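The values are calculated or read from the model by the stated rules, or taken from the named source; none is laboratory data. Fair warning: this is a prediction, and the values are worked out from it, not measured in the lab. Cβ placement follows ideal geometry from the backbone for every residue including glycine, while neighbour counts extend to all protein chains displayed.
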């Protein structure tokens, strides 16, 4: 489903959707009450959410919509422009992982991104990486669990950041919240706002190899995560090509 269509952008704004889970407080009737929004759009949204284990308020369970609606047909103008040259590896512990199904190129055409699941947690690293570069590239995703990770799981989380800092060439923490949202929350069930902000600043200095990104909701976080992985992959590809060329030139210049 094209989440960047004008209709979807309007629905996100009207219902204040900041992440996929936000749709669970919106009913089908709410959506159909919006002018120019019909059953076709509603069903596309149902199927999109069902693939991620989410349903609208008072709606049938995900399995029902997966069976009834089947696979979505490509939308006009939404043909894939190409295939992403790498495969994104997602930790099997990710409950609602990024689908990377709304990635577009610079001509605003959709790009097909290959993904696979793997128990990345066994290596003690992060949630997302690229196949073949598991020890070089890593993204740790944080959403509503950010505060609890800094309180109940603080030691475990810091140990993970330490490993990312020491092992990876490129590592990030991508947060599905904006910095202002974190500072404005009293965190009754986790670390306080002041504690979170000070801890983040402290860890950025202590672990400079791990950069933090604070995003405007889940969709933005998914886009940022893909672009970070993409740039890191191209950087490693260029480095590999430069090293190969250097080796060739060295062999040519060696005396016989």
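Exactly one residue out of 209, 217 is surrounded by fewer than 17 Cβ atoms within 10 Å (Cβ to Cβ) and touching a residue at least 40 places away in the same chain (Cβ under 8 Å), and it is 209.
More than 22 Å from residue 214 (Cα to Cα) and modelled with pLDDT under 95: is that true of residue 98 in this structure? Against the criterion (more than 22 Å from residue 214 (Cα to Cα) and modelled with pLDDT under 95), residue 98 does not qualify. State whether the residues of the range 103-112 include one that is under 12 Å from the mean Cα position of the chain (by Cα) and at pLDDT 85 or above. Looking for residues that are under 12 Å from the mean Cα position of the chain (by Cα) and at pLDDT 85 or above, one finds at least one in the range 103-112, hence yes.
Within the set 213, 234, the sole residue that is in the same structural domain as residue 94 (by TED's automatic domain parsing) and under 27 Å from residue 15 (Cβ atoms) turns out to be 213. Any residue in the range 182-204 that is assigned to a strand (DSSP E or B), in contact with a helix residue (DSSP H, G or I) (Cβ under 9 Å, 6 or more places away or on another chain), in the same structural domain as residue 105 (by TED's automatic domain parsing) and crowded, with 18+ Cβ neighbours inside 10 Å? Looking through the range 182-204, none of the residues is assigned to a strand (DSSP E or B), in contact with a helix residue (DSSP H, G or I) (Cβ under 9 Å, 6 or more places away or on another chain), in the same structural domain as residue 105 (by TED's automatic domain parsing) and crowded, with 18+ Cβ neighbours inside 10 Å.
Checked against (1) crowded, with 17+ Cβ neighbours inside 10 Å; (2) under 27 Å from residue 55 (Cβ atoms), residue 96 meets all criteria but (1). Here residue 159 clears all of (1) at pLDDT below 90; (2) within 28 Å of residue 115 (Cβ to Cβ); (3) outside any loop (DSSP other than H, G, I, E, B) except the condition numbered (1). In the set 133, 157, only one residue is out of contact with any strand residue (DSSP E or B) (no Cβ under 7 Å at 6 or more places or on another chain) and touching a residue at least 12 places away in the same chain (Cβ under 8 Å); that residue is 133. Of the helices (runs of 4 or more DSSP H) contained entirely in the range 1-63, those carrying at least 2 residues that are under 25 Å from residue 178 (Cα atoms), outside the structural domain of residue 96 (by TED's automatic domain parsing) and over 19 Å from the mean Cα position of the chain (by Cα) fall at 6-14.
Conditions (1) buried (at least 16 other Cβ atoms within 10 Å of the Cβ); (2) out of contact with any strand residue (DSSP E or B) (no Cβ under 8 Å at 6 or more places or on another chain); (3) more than 30 Å from residue 121 (Cα to Cα); (4) modelled with pLDDT of 85 or more, marked per residue:
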| site | (1), (2), (3), (4) |
| --- | --- |
| 4 | no, no, yes, no |
| 20 | yes, yes, no, no |
| 50 | yes, yes, no, yes |
| 72 | no, yes, yes, no |
| 92 | no, no, no, yes |
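Cβ-Cβ contacts under 6 Å between residues 6 or more apart (or on different chains), taken from a first residue in the range 36-52 that is over 13 Å from residue 5 (Cα atoms) to a second residue that is in a loop (DSSP other than H, G, I, E, B), are listed as 47/72; 48/1; 52/96.
Taking residues in the range 98-115 that are assigned by TED's automatic domain parsing to the domain that holds residue 86, and partners anywhere that are at pLDDT below 80 and part of a strand (DSSP E or B), the pairs with Cβ atoms closer than 9 Å and at least 6 places apart or on different chains are 105/82; 109/82; 111/82; 111/83; 112/82; 112/83; 113/83; 114/83.
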